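Asker: This is the structure I have questions about; it appears just below.
The values are calculated or read from the model by the stated rules, or taken from the named source; none is laboratory data. Worth saying up front: this structure is predicted, and the values here are computed from it rather than measured. Here the Cβ is made from the backbone with ideal geometry for all residues, glycine too, and neighbour counts use every protein chain on show.
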């Protein structure tokens, strides 16, 4: 069992998402940076869809009532066990009674903590991913007790090369979205040439990007959207939909991020800059 | 069928009908959606339908190009697949001002009495085109033109689950507490979405809704019956 001493800024249990219920309006949810989450699970021999803790900007402080084997990936947090620094992207053996905490990440924005056996939390509609209105809790809070599962399926621990994301690259690769064609040449040029910065009102639902200025376009009828869809709003704000995105939306869908770029974007912090690169 | 088929990212395909809200498009979409569910089980994760589109979400192992060309041929065939016959779900609504925060406002803007407003709102069969926005939120057609009312300029931070609203040319039910900008004209005690139920969602695309006006007293009685598990929802065949 793990006792939560401090929650961090926004920590939650996530797996690869909740599939099969989007037709009734239930978001997919799931880890924001699937690359880092999968790496954490692989390191300790968990199946890649095993639920992990995702934490943002400020990590939680956790008390381990029992010894455990964990791995931490994603943003470059400094990991401390009982005050001693532990490495990222490899196995960490946690002693009984140890306290784990983090200092702010040097690079990146979201960290992932995988544990051998996974977290034994409620499965709702086929997934452990926390989401308001679906699971009991939408995030991990102070004094929560998180149960650890017995490693039912012990895979051989994979020796994987530490292969974290490249946090430096500004490039966000996108496909043209369904409504890209309705944009005028001036907006297309701005989207191609401008550098955009991440707004602080960004969360698991959407990454918000300002800087296009007011734009004129016809509204569209509400249509399907998915994580990675870039919506253009009349104020010129771009909403890049993330894991907790709604299933349908009424703004023009101008781009669709590649999966790799969605992972990269999940690691960008407010005021960090990005540029869009259209791929075909 | 006048449908365009194109990739929507690397693992999804979008089928678009001409942009319109109409019943014949809706019926075609229901039929094609049902056909895709049976014909593409091996590559399919799930589909999402809206007024004029189907998003087909594919497994990452599926070949996108192959699926696009298959679906192009698929939509050219005539899909007279029998879609499960829709149901009419009777939703009891209390239009009393204690729940209907904006009913007086909407009535004034439409030059109607509260009573006429309620009659106009409770009269039609509202087709459910699809669910989206929030878990279990139905996008309905069929609101009487006299009731069309612009959304509130400043959305409320919290609208109670079960609230019935009018936003522009649409009416709908909030399945859960949420912020929202629609004008609230009533409330239902019925739970539209309950993850602990046998089925999480009460309503589905292809069903219709009929509202039935109830008193505050009946609202409380139904609330109690739902709590006891003795309430029987009225569902008719279409």
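Asker: Given the criterion under 30 Å from residue B:158 (Cβ atoms) and not in a strand (DSSP E or B), identify the matching residue among B:60, B:115, B:42.
Answerer: Within the list B:60, B:115, B:42, the selection yields B:115.
Asker: Could you list all residues from region A:226-250 that are modelled with pLDDT under 95, in a loop (DSSP other than H, G, I, E, B) and away from chain B (no Cβ under 13 Å)?
Answerer: Those that are modelled with pLDDT under 95, in a loop (DSSP other than H, G, I, E, B) and away from chain B (no Cβ under 13 Å): A:233, A:234, A:235, A:236, A:237.
Asker: Please work out which one of (1) touching a residue at least 24 places away in the same chain (Cβ under 8 Å); (2) in a helix (DSSP H, G or I) is the condition residue B:73 fails and give its number.
Answerer: Going through the list (1) touching a residue at least 24 places away in the same chain (Cβ under 8 Å); (2) in a helix (DSSP H, G or I), residue B:73 breaks only (1).
Asker: Could you tell me whether region B:195-217 includes any residue that is assigned to a helix (DSSP H, G or I) and either within 13 Å of chain A (Cβ to nearest Cβ) or surrounded by fewer than 21 Cβ atoms within 10 Å (Cβ to Cβ) (or both)?
Answerer: Yes, some residue in region B:195-217 is assigned to a helix (DSSP H, G or I) and either within 13 Å of chain A (Cβ to nearest Cβ) or surrounded by fewer than 21 Cβ atoms within 10 Å (Cβ to Cβ) (or both).
Asker: Now for a separate question. Can you pull out the residues in region A:188-214 that are under 24 Å from residue B:133 (Cα atoms), part of a loop (DSSP other than H, G, I, E, B) and either within 14 Å of chain B (Cβ to nearest Cβ) or in contact (Cβ under 8 Å) with a residue 12 or more places away in the chain (or both)?
Answerer: Hits for region A:188-214 are A:199, A:200, A:202, A:203, A:204, A:205, A:210.
Asker: Give me the residue from region B:44-55 that is touching a helix residue (DSSP H, G or I) at 6+ places or on another chain (Cβ under 6 Å) and crowded, with 20+ Cβ neighbours inside 10 Å and, out of that set, nearest to the other protein chains (Cβ to nearest Cβ).
Answerer: B:48
Asker: Is region A:273-280 home to any residue that is within 14 Å of another protein chain (Cβ to nearest Cβ) and crowded, with 21+ Cβ neighbours inside 10 Å?
Answerer: Checked against the condition, which is being within 14 Å of another protein chain (Cβ to nearest Cβ) and crowded, with 21+ Cβ neighbours inside 10 Å, region A:273-280 yields no hits at all.
Asker: Looking only at residues in region B:218-238 that are in contact (Cβ under 8 Å) with a residue 60 or more places away in the chain and assigned to a helix (DSSP H, G or I), which one is surrounded by the most Cβ atoms within 10 Å (Cβ to Cβ)?
Answerer: Kept after step one, since they are in contact (Cβ under 8 Å) with a residue 60 or more places away in the chain, are these residues of region B:218-238: B:218-219, B:222, B:233-238.
Pick out the ones that are also assigned to a helix (DSSP H, G or I) and you get B:218-219, B:222.
Details: B:218: 14, B:219: 21, B:222: 18.
Looking at residues that are in contact (Cβ under 8 Å) with a residue 60 or more places away in the chain and assigned to a helix (DSSP H, G or I), I get B:219.
Asker: Answer yes or no as to whether residue A:13 is closer than 16 Å to residue A:148 by Cβ, under 14 Å from the mean Cα position of the chain (by Cα), more than 14 Å from every other protein chain (Cβ to nearest Cβ) and in contact (Cβ under 8 Å) with a residue 60 or more places away in the chain.
Answerer: Spelling it out, residue A:13 is indeed closer than 16 Å to residue A:148 by Cβ, under 14 Å from the mean Cα position of the chain (by Cα), more than 14 Å from every other protein chain (Cβ to nearest Cβ) and in contact (Cβ under 8 Å) with a residue 60 or more places away in the chain.
Asker: Kindly provide the set of residues from region A:215-225 that are surrounded by fewer than 24 Cβ atoms within 10 Å (Cβ to Cβ) and within 14 Å of chain B (Cβ to nearest Cβ), ordered by number.
Answerer: Passing the criteria: A:217, A:218, A:219, A:220, A:221, A:222.
Okay, residues lined up against (1) within 14 Å of another protein chain (Cβ to nearest Cβ); (2) in a strand (DSSP E or B); (3) under 25 Å from residue A:97 (Cα atoms):
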site	(1), (2), (3)
A:17	yes, no, no
A:26	yes, no, no
A:32	no, no, no
A:63	no, yes, yes
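Asker: A further question on this structure: Hey, among the residues in region B:161-171 that are surrounded by fewer than 23 Cβ atoms within 10 Å (Cβ to Cβ) and under 21 Å from residue B:107 (Cα atoms), which one's farthest from the chain's Cα centre (by Cα)? Break it down stepwise before answering.
Answerer: Going through region B:161-171, the residues surrounded by fewer than 23 Cβ atoms within 10 Å (Cβ to Cβ) turn out to be B:161, B:167-170.
From the residues that got through so far, the ones that are under 21 Å from residue B:107 (Cα atoms) too are B:167-170.
Details: B:167: 14, B:168: 15, B:169: 14, B:170: 10 Å.
Per the stated criteria, the residue is B:168.
Asker: Looking at B:135, B:92, which one is in contact with a strand residue (DSSP E or B) (Cβ under 8 Å, 6 or more places away or on another chain), in a strand (DSSP E or B) and not assigned by TED's automatic domain parsing to the domain that holds residue B:12?
Answerer: B:92
Asker: Same structure, new question: Which residue is surrounded by the most Cβ atoms within 10 Å (Cβ to Cβ), if the candidates are limited to region B:1-29 and must be in contact (Cβ under 8 Å) with a residue 60 or more places away in the chain and within 24 Å of residue A:177 (Cα to Cα)?
Answerer: B:15
Asker: Scanning for something surrounded by fewer than 18 Cβ atoms within 10 Å (Cβ to Cβ), away from chain B (no Cβ under 14 Å) and modelled with pLDDT of 95 or more, does region A:157-167 turn up at least one residue?
Answerer: No, region A:157-167 contains no residue that is surrounded by fewer than 18 Cβ atoms within 10 Å (Cβ to Cβ), away from chain B (no Cβ under 14 Å) and modelled with pLDDT of 95 or more.
Asker: In addition: Residues that are within 14 Å of chain A (Cβ to nearest Cβ), modelled with pLDDT of 95 or more and under 24 Å from residue B:197 (Cβ atoms): does region B:163-173 have at least one?
Answerer: yes
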